[in-house]
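Structure record follows, encoded as structure tokens.
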Amino acid sequence: MSQAVNSVTTRRRKSRTTSQSSTSGAGGKDDEEKRKDNTTACLPITFGSIAFYLGKKADEFQTHEWTLYVRGPNHEDLSHCISKVVFQLHASFAQPTREVTSPPYAVTERGWGEFEAQIRIIWK
């Protein structure tokens with residue numbers, strides 16, 4: 001089992017575009033009230049993998065069930081900050097690129113060996 005707890009820090013710089021007079025839509029007043037210029041935010045997240053042996057009666061090519069995940073340290077809802085999570089699996093998997101757009105941000109599969117995976121978080 002592998003797990004990491006990190007605090008992700010993001011910084012928003014002042015936009016170089018001119019503001020629109022509209023109160024809704026991209027760049028409008030509502031968006032500016034939600035996003036503050038020159039602000040740093042810190043969000044603790046947990047990401048990792050967990051695998052379980054399926055026993056001696058398991059198929060030789062599906063000996064383990066595993067999950068890759070991104071979540072809050074205490075299972076908090078991160079959907080207010082995360083637009084989607086992209087999991088890049090080994091090329092031998094059907095659909096090696098998996099996009100998860102709502103919690104739980106996780107991919108579960110069965111397999112027989114180890115491989116490196118990438119997790120990319122797309123912020124709102």
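Between GLU114 and ALA41, the FRET efficiency from the beta-carbon distance, with R0 = 25 Å, is close to 0.10. Shown are THR67, THR39, THR101, whose ranking by accessible area with a 1.4 Å probe and every protein chain present, most to least, is THR101, THR39, THR67.
FRET efficiency for the ASP59 to VAL86 pair, using the beta carbon distance and R₀ = 22 Å, is estimated at 0.20.
The values are calculated or read from the model by the stated rules, or taken from the named source; none is laboratory data. On a predicted model such as this, the values are computed, not experimentally measured, just so you know. Glycine gets a Cβ as well: all are built from the backbone with ideal geometry, and neighbour counts include every protein chain shown. Surface areas here come from the heavy atoms of the whole protein model, side chains and all, with no ligands, DNA or RNA. Shrake-Rupley method; radii C 1.70, N 1.55, O 1.52, S 1.80 Å.
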